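The structure appears right after this line, and notes come after that.
The values are calculated or read from the model by the stated rules, or taken from the named source; none is laboratory data. Because the structure is predicted, anything quoted here is derived from the model rather than measured. Glycine gets a Cβ as well: all are built from the backbone with ideal geometry, and neighbour counts include every protein chain shown.
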Amino acid sequence: MSHLVEELPAQKARRIAAGESLHLATTDAREELADALAREGFRRCDDVAGPVQGWYGVLKFRPFAAEDGPVRGTAVEVTVPDAFPFVPPRVYPSSQDRAEIVNGRTFDETYYEPGCGWHRDLDMAMCLFDEVDHVRLRWADGAVLLEQARAWLAADAAGWPDDAPALDLERYLYPAADQRVVLYGPLEDRDGEILRLQAKQNGVLRLGRSASQVRSGSRQRHRRWGAEAVLVLAAGELTSPIRHWADLLAAVGTDRAEQLIRAQRAGLTRVLVTYTRRDLPAALALELSASVDGEVQLRAMRAAPDDLATRQIRAGVGAEMLGTRRIAVVGVGAIGSIVADLLHRGGVGHLHLIDADRVLPGNTTRHLLGNATVGRWKASAVAEALRVARPHSGEITSAVENVDTPLGAIEVLAAFDVVVDATADSTATALLTAAARAGAGQLLSVYVLADGYAVRVDHTPAPNGQAQLPTPVLPPPVPTVYEAGCGSPVSTTSPAAAWEAAAIAARHAVALLLNPQSVPAGEERRLLPETGPR
């Protein structure tokens with residue numbers, strides 16, 4: 001990594017010391033792993049011919065659900081990368097032929113030779129550890145590493161019972177030269193069709209209408225498929241990953257395989273394979289390159305579905321139910337704009353935004369909106385921003401007005417399942433609170449206290465007969481900050497405090513809608529020590 005600024009002597013000394021310390025730590029980790037492998041009977045095999053060189057040994061195991069069966073054995077080779085322990089070792093199971101060559105002896109029928117299924121990486125190493133676990137380096141412990149490898153062999157020999165339906169077939173192929181992303185919609189009725197991939201902004205290829213062949217050759221006699229054409233093929237339920245051309249032909253069946261071969265010979269360079277694994281649907285986009293020794297080379301393109309279900313799956317388990325609910329956010333300033341954004345992301349079916357203020361330059365420091373919206377009404381500008389960002393999500397309406405009368409407070413509370421008060425205006429909060437206590441509806445008020453000293457959410461009326469939270473105890477005031485054109489003090493609340501308050505408010509709003517029996521009367525969280533800066 002190149003230095004962006006000139007390095008000071010103190011920085012250089014700190015960097016060198018840190019590098020030496022880290023080098024010693026990684027050296028110790030490698031030595032500890034080597035000791036653990038040696039204790040298990042592994043030996044160095046750097047002198048063994050072949051693509052994999054490192055540590056070699058035989059692991060004994062019993063297949064799952066066959067505890068009383070014979071003990072099986074598989075030779076494995078372990079390589080330790082330079083970045084160990086921050087990168088896991090690679091463990092490769094050996095074929096019986098290679099095991100006998102390396103070991104210098106013959107193995108009997110109990111030798112187990114794993115297949116090339118789902119749980120082997122592109123380089124045919126075992127997939128041993130969950131890559132999502134970014135905290136623990138379990139593979140740094142040699143005993144844990146080998147136990148995981150034994151468990152892998154036991155599961156593989158048993159056919160991987162209760163295997164998760166992982167749908168990332170791209171991991172078994174090298175990436176395509178074309179780095180653009182293929183976006184597709186419903187594919188159920190497109191099997192066997194050759195469609196166009198339409199180039200869009202941001203490096204996107206969107207699946208479109210039927211493609212047509214173009215004439216080529218000196219006399220324009222031949223018709224070939226252009227670079228934008230893609231053949232959609234249904235492979236059905238896959239029992240193993242697609243790694244090679246032969247795998248693809250076998251997966252799509254005889255008739256579709258013949259169609260694919262003809263299309264590839266006519267210039268087709270892209271295929272979109274639909275498939276299921278454990279009945280879950282997915283698609284794999286492939287780039288076909290010129291044949292080498294009679295076999296077409298496959299490369300994986302990045303592909304993703306573009307539909308409502310894909311967006312909702314990350315919105316939370318209650319997204320579908322939230323799609324039937326209505327929430328109003330009164331005040332879409334620094335806190336309210338983020339509350340609105342989070343609720344829209346979560347799938348709220350109807351979001352109504354109320355605010356009679358305009359976006360000013362100073363607002364953009366903490367607000368969802370940026371400089372391009374300065375001068376616009378906050379309510380309508382936020383509503384438009386959310387529609388543009390997530391057009392598939394729920395309905396958004398807005399009103400450029402204030403809640404400044406008892407009747408107005410009652411009407412808005414009665415019209416929505418929950419009203420979020422993010423006005424930071426004592427008059428509006430008092431009106432809404434009084435109306436909620438009178439039974440007009442459910443109110444959730446959110447504040448940042450004392451310029452970021454604490455954040456707080458109050459429910460009115462308090463759920464399940466609970467007592468309201470006590471009045472907050474705030475530190476003594478400090479000199480306020482004023483700004484030209486602003487008659488009241490300017491809040492110096494940090495953006496982080498505003499966003500944290502918004503996140504708490506959104507969480508409480510969703511709980512009120514989905515599980516009201518579990519909702520507390522409110523929540524207050526202190527962000528700064530009482531003696532700290534405000």
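Just give me the residues in the range 203-224 being in a strand (DSSP E or B), more than 16 Å from Arg262 (Cα to Cα) and at pLDDT 90 or above, in sequence order.
Val204, Leu205, Arg206, Leu207, Gly208, Arg209, Ser210
Determine which member of the set Ala263, Ala340, Ala300 is modelled with pLDDT of 90 or more, part of a strand (DSSP E or B) and touching a strand residue (DSSP E or B) at 6+ places or on another chain (Cβ under 7 Å).
Being modelled with pLDDT of 90 or more, part of a strand (DSSP E or B) and touching a strand residue (DSSP E or B) at 6+ places or on another chain (Cβ under 7 Å) holds for just one of Ala263, Ala340, Ala300, which is Ala300.
For the range 388-411, name all the residues that are touching a Gly at 6+ places or on another chain (Cβ under 9 Å) and outside any loop (DSSP other than H, G, I, E, B).
Of everything in the range 388-411, those that are touching a Gly at 6+ places or on another chain (Cβ under 9 Å) and outside any loop (DSSP other than H, G, I, E, B) turn out to be Glu395, Ile410.
Does the range 450-482 hold any residues that are in a loop (DSSP other than H, G, I, E, B) and polar (S, T, N, Q), and which are they?
Once the filter is applied, which keeps residues that are in a loop (DSSP other than H, G, I, E, B) and polar (S, T, N, Q), the range 450-482 yields Gln466, Gln468, Thr471, Thr480.
Scan the range 232-253 residue by residue and report those that are among the β-branched types (Val, Ile, Thr) and either within 23 Å of Gly115 (Cβ to Cβ) or in contact with a Phe, Trp or Tyr (Cβ under 6 Å, 6 or more places away or on another chain) (or both).
Passing the criteria: Thr239, Ile242, Val252.
If you check Ala414, Ala385, which single one turns out to be more than 17 Å from Val332 (Cβ to Cβ), modelled with pLDDT of 95 or more and assigned to a helix (DSSP H, G or I)?
Ala414
Could you look through the range 423-449, keep only residues that are aliphatic (A, V, I, L, M) and part of a strand (DSSP E or B), and pick out the one that is surrounded by the most Cβ atoms within 10 Å (Cβ to Cβ)?
Val446
Would you check if there is a residue in the range 225-248 being in a loop (DSSP other than H, G, I, E, B) and closer than 21 Å to Asp307 by Cβ?
no
Consider the range 123-182. How many of its residues are outside any loop (DSSP other than H, G, I, E, B), out of contact with any Ser or Thr (no Cβ under 6 Å at 6 or more places or on another chain) and closer than 28 Å to Leu33 by Cβ?
21
Does Trp118 count as in contact (Cβ under 8 Å) with a residue 40 or more places away in the chain and crowded, with 17+ Cβ neighbours inside 10 Å?
Considered against the rule, which asks whether it is in contact (Cβ under 8 Å) with a residue 40 or more places away in the chain and crowded, with 17+ Cβ neighbours inside 10 Å, Trp118 comes out as yes.
I need every pair where a residue in the range 303-330 that is part of a helix (DSSP H, G or I) has its Cβ under 6 Å from the Cβ of a residue that is among the β-branched types (Val, Ile, Thr), sequence separation at least 6 or different chains.
So the pair list comes out as Leu322/Val348.
Inside the range 258-290, can you point out the residues that are surrounded by fewer than 16 Cβ atoms within 10 Å (Cβ to Cβ), farther than 17 Å from Pro175 by Cα and among the small types (Gly, Ala, Ser)?
Matches in the range 258-290: Ala266 only.
Kindly indicate which of Ala99, Ala151, Ala125 is of a type outside the set (Phe, Trp, Tyr), buried (at least 16 other Cβ atoms within 10 Å of the Cβ) and more than 26 Å from the chain's Cα centre (by Cα).
Checking each option against the conditions leaves just Ala99.
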